[in-house]
Amino acid sequence: MNARERVLAAINHQEPDGIPVDIGSTPSSGISAIAHYNLKHYIGRPDWPTQVYDVVQQIAQPGDEMLDRFGIDVIDIGRAFDDRPEDWYDITLPDGTPVQFPTWFKPSPQPDGAWDVFNENGVRVATMPLGATFFDQTCFPFIDGYPDSYADLPQIMPLIHWAGLTHSPWDHAGDADFWEQLRARALALRASSDRALMIVVGCNLFEWGTFLRRLDNFLVDIVTEPAQVERLLDALMEQHLKTLEKVCAAVGDVADVCRFGDDLGTDQGPFMSPKTYRQLFKPRHKILTDYVKQNSTMHTFLHSCGSIYKLLPDLIEAGFEIVNPVQTIARDMEPVRLKAEFGRDLTFWGGGADTRFTLNRGTPEAVKDDVRRNIEALSPGGGFVFNTVHNILPDVPPENFMAMFEAIDEYR
Amino acid sequence: MQEELLDAVFDAVMDGDIPGAPATVQAALDGGLDAETILRDGMIAAMTRVGELYECGDYYVAEMFTSAKALQAALVVLRPMLQQSQVQATGTVVIGTVKGDMHDIGKNLVTMMLEGAGYAVHDLGADVHPSRFVAAVEEVHPDLVALSALLTTTMPSMQATVDALTTAGLRERVKVMIGGAPVNEEYAEHIGADGYAQDASQAVALANALMQVKAQRSA
């Protein structure tokens with residue numbers, strides 16, 4: 001099997017010749033710039049560039065040599081953009097790590113050590129306080145209430161740092177020939193690589209509510225103002241369906257997986273009851289996944305952090321085939337339980353290594369034990385792509401990264 | 001009659017009726033109920049029930065947040081009356097998100113839940129330097145100090161805060177509780193805190209338990 005066949009077999013619930021592995025195909029299954037820098041020095045490859053392709057979370061795009069060295073089976077179509085040296089510039093992060101930023105991203109250091117980001121109109125859209133390693137949202141356009149009209153929603157959405165400072169390929173979405181370029185570059189990637197291809201579309205619904213209203217307000221809204229919430233969701237759906245239409249036309253026959261996002265869980269359970277999910281979000285998620293299934297050959301992938309066990313039956317019915325990051329330490333999210341109850345219907349893309357306690361703070365032996373335990377629970381019969389639980393953050397020692405791969409290699 | 005007025009307060013908080021809650025408190029006061037009874041048997045009772053419903057999985061964070069906001073709205077009416085009648089708080093808490101961390105939504109929910117349990121809470125906000133915790137402890141003499149962090153990269157600020165309290169000679173005067181995604185019981189022990197709570201509902205239970213320990217020690 002080649003890498004792509006391995007990933008597709010797993011998604012089709014067939015046991016591949018070895019477990020497929022993802023590091024870096026999405027901005028929630030990758031490696032932070034600082035961890036990438038530490039790793040490349042540890043393994044004697046200081047020549048690898050550390051290119052921060054997701055500037056909000058400060059995530060590095062793994063280069064071809066890294067993919068080869070660690071046997072990564074899936075890549076992001078976004079990597080086909082920003083592929084010239086002049087697309088990047090050298091910069092030193094506040095902690096002293098030298099990296100490269102895309103040329104369009106120019107944060108402004110502040111007297112207190114924070115790095116702020118202002119848009120072209122001078123609006124402060126994000127900040128990274130001194131000591132932090134990612135950018136927080138600072139602009140909440142609907143914090144004071146819902147607008148009467150959503151006519152200018154497309155102009156408002158880029159005020160949210162996730163949209164305004166987005167990762168490739170979407171940092172090029174404003175280019176006149178973007179959709180032609182997306183297809184051409186995706187086809188070139190398909191021709192030059194035997195890895196599976198991912199396209200990250202987001203199309204978040206609950207999360208867009210939290211971006212626009214702020215989480216605390218939107219949580220109250222879904223309980224007390226469902227009609228206003230539905231109005232907003234319908235306006236968002238209009239934008240999302242326009243995006244999906246173009247994505248399916250451009251790469252629907254090239255990409256293997258279409259990655260949606262919507263963080264629905266906290267550590268202790270979903271933000272909302274299954275009833276609320278069914279009422280407000282499920283029908284709309286279903287429209288999005290139906291569109292992809294009817295207009296492309298891509299598989300549907302949902303990224304949702306937290307404990308979503310109670311929502312999984314509904315998420316399956318909403319049309320998601322794959323879930324990520326499988327936050328195994330959250331309540332009800334034990335790998336054995338998930339596999340037993342939902343393994344026939346879902347592919348678990350993640351859950352391979354705990355990043356909150358073990359990969360970052362455990363011994364290499366503890367990391368290996370965690371990885372083996374998770375693989376043995378999740379991989380039988382396919383339906384599993386190895387990935388850490390969310391991104392590998394700056395506090396992960398390279399020794400533990402290597403230990404993780406030593407354990408992975410026992411299963412491929 | 002009075003029971004109905006109290007039930008209306010209870011229901012408004014339980015159901016998360018943010019616009020309606022203040023009027024139920026006003027009606028209860030107008031109906032001759034004293035502030036302490038409204039607080040204890042109306043609002044605290046409702047938030048206790050909300051906590052129970054959350055624990056057993058009938059309520060979710062969204063519902064808990066909505067009830068907490070209704071409680072806040074009701075407290076705007078009740079707070080002056082409580083001060084006037086010098087009602088004793090369950091305890092006094094200084095709370096904040098530690099230095100370097102701007103994330104305050106979890107901390108805000110804990111604040112509201114503690115207020116819902118009758119605590120007087122001094123919220124220092126987010127990105128709070130250890131010296132500001134020290135100053136607040138010196139100023140308001142709290143029973144408890146509650147520290148929040150969302151990030152693995154900022155949790156060391158919890159240690160720095162506990163150490164600052166020790167250096168200032170204040171550590172023995174307060175109980176320190178911590179919460180937030182990257183921390184756990186083990187970490188609480190490691191940095192010399194007195195307890196860890198995994199969510200806002202558990203934070204109230206922990207605060208109550210720590211208050212008991214404190215009371216026993218001073219008895």
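Taking the stretch A:301-326, which residues are in contact with a helix residue (DSSP H, G or I) (Cβ under 6 Å, 6 or more places away or on another chain), crowded, with 21+ Cβ neighbours inside 10 Å and within 14 Å of chain B (Cβ to nearest Cβ)?
Within the stretch A:301-326, A:L311 is the sole residue that qualifies.
For the stretch A:380-389, which residues satisfy the criterion of being crowded, with 24+ Cβ neighbours inside 10 Å and touching a helix residue (DSSP H, G or I) at 6+ places or on another chain (Cβ under 8 Å)?
Listed by number, the residues that qualify are A:G383, A:F384, A:V385, A:F386, A:T388.
Taking interchain pairs and intrachain pairs at least six residues apart, which have beta carbon atoms under 6 angstrom, with the first residue in the stretch A:353-376 and touching a residue at least 12 places away in the same chain (Cβ under 8 Å) and the second assigned to a helix (DSSP H, G or I) and charged (D, E, K, R)?
A:A353/A:D370; A:D354/A:D370; A:T358/A:D370; A:P364/A:E399
Have a look at B:A160, B:A193, B:A215 and point out the one that is closer than 30 Å to B:T48 by Cα and in contact (Cβ under 8 Å) with a residue 40 or more places away in the chain.
On the way: B:A160 fails: closer than 30 Å to B:T48 by Cα; B:A215 fails: in contact (Cβ under 8 Å) with a residue 40 or more places away in the chain.
Step by step, each of B:A160, B:A193, B:A215 is checked, and only B:A193 is closer than 30 Å to B:T48 by Cα and in contact (Cβ under 8 Å) with a residue 40 or more places away in the chain.
What pairs come up if the first residue lies in the stretch A:293-304 and is without any contact (Cβ under 8 Å) to a residue 24 or more places away in the chain, the second is surrounded by fewer than 16 Cβ atoms within 10 Å (Cβ to Cβ), and their beta carbons are under 8 Å apart, counting only those six or more places apart or on different chains?
none
Name every residue in the stretch A:252-287 that is assigned to a helix (DSSP H, G or I), away from every other protein chain (no Cβ under 14 Å) and out of contact with any Phe, Trp or Tyr (no Cβ under 9 Å at 6 or more places or on another chain), in order of residue number.
Of all residues in the stretch A:252-287, those assigned to a helix (DSSP H, G or I) come to A:274-287.
Now drop any that are not away from every other protein chain (no Cβ under 14 Å), which leaves A:282-287.
A:K282, A:P283, A:R284, A:K286, A:I287, listed by residue number.
Take the residues in the stretch B:70-104 that are within 13 Å of the chain's Cα centre (by Cα) and within 14 Å of chain A (Cβ to nearest Cβ); name whichever of them is surrounded by the fewest Cβ atoms within 10 Å (Cβ to Cβ).
Residues of the stretch B:70-104 within 13 Å of the chain's Cα centre (by Cα): B:71-72, B:89-96.
Restricting the remaining residues to those that are within 14 Å of chain A (Cβ to nearest Cβ) gives B:71-72.
On the way: B:L71: 27, B:Q72: 18.
Top of the filtered list is B:Q72.
Need the failing condition index for B:A160 against (1) within 29 Å of B:C56 (Cβ to Cβ); (2) within 14 Å of another protein chain (Cβ to nearest Cβ); (3) not acidic (D, E), just the number.
So B:A160 meets the others, but not (1).
Run down A:V247, A:V220 and say which single residue is among the β-branched types (V, I, T), in a helix (DSSP H, G or I) and within 14 Å of chain B (Cβ to nearest Cβ). Working first, answer last.
Numbers: A:V247 fails: within 14 Å of chain B (Cβ to nearest Cβ).
So the residue among A:V247, A:V220 that is among the β-branched types (V, I, T), in a helix (DSSP H, G or I) and within 14 Å of chain B (Cβ to nearest Cβ) is A:V220.
Kindly indicate whether any position in the stretch B:179-194 is of a type in the set (A, V, I, L, M, F, W, C), assigned to a loop (DSSP other than H, G, I, E, B) and at pLDDT 95 or above. Outline the logic, then answer.
Looking only at the stretch B:179-194, we keep the residues that are of a type in the set (A, V, I, L, M, F, W, C), and these are B:181, B:183, B:188, B:191, B:193.
Next, only the ones that are assigned to a loop (DSSP other than H, G, I, E, B) stay: B:181, B:183, B:193.
Checking the rest, the ones that are also at pLDDT 95 or above come to B:193.
Checking the stretch B:179-194: at least one residue is of a type in the set (A, V, I, L, M, F, W, C), assigned to a loop (DSSP other than H, G, I, E, B) and at pLDDT 95 or above.
Within the stretch A:226-248, identify whether any single residue is closer than 23 Å to B:D58 by Cβ and surrounded by 22 or more Cβ atoms within 10 Å (Cβ to Cβ), and answer yes or no. Steps first, answer last, please.
Residues of the stretch A:226-248 closer than 23 Å to B:D58 by Cβ: A:226, A:229.
This time we only want the ones that are surrounded by 22 or more Cβ atoms within 10 Å (Cβ to Cβ), so: A:229.
Looking through the stretch A:226-248, at least one residue is closer than 23 Å to B:D58 by Cβ and surrounded by 22 or more Cβ atoms within 10 Å (Cβ to Cβ).
Kindly indicate which of A:D290, A:D345, A:D354 is more than 14 Å from every other protein chain (Cβ to nearest Cβ), closer than 19 Å to A:S379 by Cβ and not hydrophobic (A, V, I, L, M, F, W, C). Explain how you work it out, then say what you get.
Values: A:D290 fails: closer than 19 Å to A:S379 by Cβ; A:D354 fails: more than 14 Å from every other protein chain (Cβ to nearest Cβ).
Just one listed residue meets the conditions, A:D345.
What's the total number of residues in the stretch A:357-369 that are surrounded by fewer than 23 Cβ atoms within 10 Å (Cβ to Cβ) and away from chain B (no Cβ under 14 Å)?
Final tally of qualifying residues: 5.
Only residues that are within 14 Å of chain B (Cβ to nearest Cβ) and among the hydrophobic types (A, V, I, L, M, F, W, C): list them for the stretch A:370-389, please.
Looking only at the stretch A:370-389, we keep the residues that are within 14 Å of chain B (Cβ to nearest Cβ), and these are A:388-389.
Of everything in the stretch A:370-389, just one residue is within 14 Å of chain B (Cβ to nearest Cβ) and among the hydrophobic types (A, V, I, L, M, F, W, C), namely A:V389.
Which condition breaks for B:A135 when tested against (1) within 14 Å of chain A (Cβ to nearest Cβ); (2) without any contact (Cβ under 8 Å) to a residue 40 or more places away in the chain; (3) in a helix (DSSP H, G or I); (4) more than 30 Å from A:G362 (Cβ to Cβ)?
Looking at each condition in turn, B:A135 falls short on (1).
Pairs please, first residue from the stretch A:390-403 and within 11 Å of chain B (Cβ to nearest Cβ) and crowded, with 22+ Cβ neighbours inside 10 Å, second anywhere and of a type in the set (D, E) and assigned to a loop (DSSP other than H, G, I, E, B), Cβ atoms under 9 Å, 6+ apart in sequence or on different chains.
A:P394/A:D95
Taking the condition of a type in the set (A, V, I, L, M) and away from chain A (no Cβ under 14 Å), does B:L39 pass? Please lay out each step first, then the result.
On the way: of a type in the set (A, V, I, L, M): yes; away from chain A (no Cβ under 14 Å): yes.
In short, yes.
When the stretch B:132-177 is examined, which residues are found to be over 30 Å from A:D395 (Cα atoms) and not small (G, A, S)? Give the steps one after another, and end with the answer.
Kept after step one, since they are over 30 Å from A:D395 (Cα atoms), are these residues of the stretch B:132-177: B:135-144, B:168-170, B:172-174.
Listed by number, the residues that qualify are B:V137, B:E138, B:E139, B:V140, B:H141, B:P142, B:D143, B:L144, B:L170, B:E172, B:R173, B:V174.
Which of the residues that make up the stretch B:30-69 are closer than 21 Å to A:I308 by Cα, surrounded by fewer than 20 Cβ atoms within 10 Å (Cβ to Cβ) and among the aliphatic types (A, V, I, L, M)?
B:L53
Results for (1) more than 27 Å from A:Q268 (Cβ to Cβ); (2) modelled with pLDDT of 95 or more; (3) within 14 Å of chain A (Cβ to nearest Cβ), shown as yes or no for each residue.
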| site | (1), (2), (3) |
| --- | --- |
| B:A12 | no, yes, yes |
| B:P19 | yes, yes, yes |
| B:P22 | yes, yes, no |
| B:A28 | yes, yes, no |
| B:Y54 | no, no, yes |
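Identify the single condition in (1) away from every other protein chain (no Cβ under 14 Å); (2) touching a residue at least 40 places away in the same chain (Cβ under 8 Å) that A:A340 does not satisfy, given that it satisfies every other one.
(2)
Just give me the residues in the stretch A:76-116 being within 12 Å of chain B (Cβ to nearest Cβ) and of a type in the set (G, A, S), in sequence order.
Initially, the stretch A:76-116 is screened for residues within 12 Å of chain B (Cβ to nearest Cβ), giving A:94-95, A:112-114.
Across the stretch A:76-116, the qualifying residues are A:G113, A:A114.
Every residue in the stretch A:370-379 that is surrounded by fewer than 20 Cβ atoms within 10 Å (Cβ to Cβ) and touching a Phe, Trp or Tyr at 6+ places or on another chain (Cβ under 9 Å), please.
Within the stretch A:370-379, the first condition is being surrounded by fewer than 20 Cβ atoms within 10 Å (Cβ to Cβ), and the residues that meet it are A:372-373, A:376.
Selection gives A:R372, A:E376.
Report whether or not A:F118 is closer than 24 Å to A:Q58 by Cβ and in contact (Cβ under 8 Å) with a residue 40 or more places away in the chain. Reasoning before the result, please.
On the way: closer than 24 Å to A:Q58 by Cβ: yes; in contact (Cβ under 8 Å) with a residue 40 or more places away in the chain: no.
No; evaluated as a whole, the condition is false for this residue.
The values are calculated or read from the model by the stated rules, or taken from the named source; none is laboratory data. Quick caveat: nothing in here was measured; it's all calculated off a predicted structure. Methodologically, a virtual Cβ is constructed for each residue, glycine included, from the backbone with ideal geometry; neighbour enumeration extends over all protein chains shown.
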